[in-house]
Amino acid sequence: MHMQLLFDNKVVIFDRTDFGRSNLSLPSGKCRYNDEAIMEDCTAHSLLYDVASNTYRPLMVQTDVWCSSGSVNSAGILIQTGGYHGGDHKIRVFTPCSDDDCDWIELQHETLSVQRWYASNQILPDGRVIVVGGRRAFNYEFFPKSLLEKPVYYFPFLKETTDPVEENNLYPFLHLLPDGNLFVFANQRSVVLDYVNHKIVKEFPAIPGEKRSYPATGSSAMLPLKLNPPILEGFFPLPPVSPSVEVMVCGGARGGAYLNATNGKFKAASKSCGRIRITDPDPKWVMENMPMSRVMPDMLILPTGDLIILNGAAKGTAGWEAAIDPVLNPLLYKPEESDPNKRFTVLKASTIPRLYHSSATLLPDGRILVGGSNPHVRYTFTGVSYPTELSIEAFSPPYLAAEFSHLRPSILSVEGPTGNVLSYGQQFSITLSMGLYQPEGEYSVTMVAPSFSTHSFAMNQRLLVLYIAHAQQLSVFAHKLTVYAPPTANIAPPGYYMLFVVTRGCLGIVFG
């Protein structure tokens, strides 16, 4: 149900705890006794997956993490918030370690101010996390809290966007903007929230078509931020011009889809995507259609700046047994393609339906890790159309195809960072080699923030296209790029990023 890639190339994966026993035992002597399903549970509902070795080990969560949220802070620690019943006020942390001793820690003296079930998180420029919304939670709060601020701030926008019975505004889409404010989307509406002064500073037109937020679940991404060169005045660089910002929302379901599904009527999901350039003077949604209908899609930004859309169903909505007709084919979307009819490409299908409570995340090697699908109240493996799915698989986008191996760059070194740490606005160099001789060509250097993925939304996801000041061919095979780091914490909140070099659509990778 939930995934988070960590800086050590391991992925924390976890599910709700009140399904009953899982198929993975906890280490000897570890058990939970506060479970809502059984008296004693000595099985794991979380694990740590090591991508490099393709191995995993069990982890122990203390309270129910069902439909919770998370962010990784600047130290690379997963801050995980909320859940269900005994877990709905909880704050948990997972700190990566070099041995096998690290596990979940539930904070004893710090809790959420209100219940957070189906809330969304965003890491902020100052390193704090903002936690927004949740079921019957028309407000937001921060972690860690400041003594000078209120425990919680009322946010009437969330109440205004709630539909009777179905809600359709849970897990709101959050995107941190280059001016430091927060883009918030719920149901069909979106605003810019100044969370420092606690006021809405801009509202946008409603997106046409279907509902887009849980349980009429679509997905959203902020398209790549293309960073501008610094402006030199004398010997001193000035802050660069802020990049333009475009947000994309895809998929969803009609109003009434959830109630219809509970009565066995599954309506076609949305085919539409909307893009809005929120930095325009008069922003408007520009609509286009996917090749197929989709509810519960996962939408991830690839290192190339393209998007991949995968998982989900063609009919119904999110919820227990509320969707049918799984969509098995991922879609590749090229936002820079000028012809709208050529932006979508249908990719090779998976054989495994990924419905409610599945998840996906980008890995440092460029693959997409996909897992889960628990479309039933309990683990159900037989006698149903869509069994509970415990597998994970990796999807390789087209840029990893064998026929492009001769184009794929290999990063040899990164010069400039001290201890693998970049400073804002710092100039640094990347030396790379090509498999075959190639003249100087088009390069891009991108940084991707690993996301907390759940319920079709990759929280904290962002891709930055860095400004390349100079490209030099050193030898037949070697090239050197001189690049500027992101200029501000508003554009790149402090933390760990994946660094990629892209040439002719193929990747070279540094994870740091």
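Every read-out reported here was derived from the displayed coordinates using simple, explicitly stated rules and does not represent laboratory data. Predicted model, so just to flag it, every value in this text is computed and none were measured. Glycine also receives a Cβ, built like all others from the backbone with ideal geometry; neighbour counts cover every protein chain displayed.
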Test: residue in segment 237-250 that is at positive phi and in a loop (DSSP other than H, G, I, E, B): no
Tabulated pairs, segment 132-146, first aliphatic (A, V, I, L, M), second in a loop (DSSP other than H, G, I, E, B), C-beta under 6 angstrom, 6+ apart or interchain: Val132/Pro172; Ala137/Val114
Subset tally (residues that are among the acidic types (Asp, Glu), free of Cβ contacts under 8 Å to residues at least 12 places away in the same chain and closer than 26 Å to Ser373 by Cβ) for segment 385-422: 0
Qualifying positions in segment 437-454 - part of a strand (DSSP E or B) and over 30 Å from Ala313 (Cα atoms): Tyr443, Ser444, Val445, Thr446, Met447
Residue match in segment 151-165 (condition: in a strand (DSSP E or B), of a type in the set (Phe, Trp, Tyr), in contact (Cβ under 8 Å) with a residue 12 or more places away in the chain and in contact with a Lys or Arg (Cβ under 9 Å, 6 or more places away or on another chain)): no
When residues of segment 108-140 are limited to those that are polar (S, T, N, Q) and out of contact with any Ser or Thr (no Cβ under 7 Å at 6 or more places or on another chain), the one farthest from Thr162 (Cα to Cα): Gln108
Test set (1) in a loop (DSSP other than H, G, I, E, B); (2) more than 23 Å from Met1 (Cβ to Cβ) - Phe183 fails condition number: (1)
Residue match in segment 66-87 (condition: surrounded by fewer than 19 Cβ atoms within 10 Å (Cβ to Cβ), over 23 Å from the mean Cα position of the chain (by Cα) and part of a loop (DSSP other than H, G, I, E, B)): no
Candidate set: segment 455-486, residues that are in a loop (DSSP other than H, G, I, E, B) and hydrophobic (A, V, I, L, M, F, W, C); chosen: the one nearest to Val502 (Cα to Cα): Leu466
Any hit, segment 191-202, residues being surrounded by fewer than 16 Cβ atoms within 10 Å (Cβ to Cβ), of a type in the set (Asp, Glu), free of Cβ contacts under 8 Å to residues at least 24 places away in the same chain and in contact with a Leu (Cβ under 9 Å, 6 or more places away or on another chain): yes
Among the residues listed as Pro335, Pro283, the single one being part of a loop (DSSP other than H, G, I, E, B), within 21 Å of the chain's Cα centre (by Cα) and over 23 Å from Ser385 (Cβ atoms): Pro335
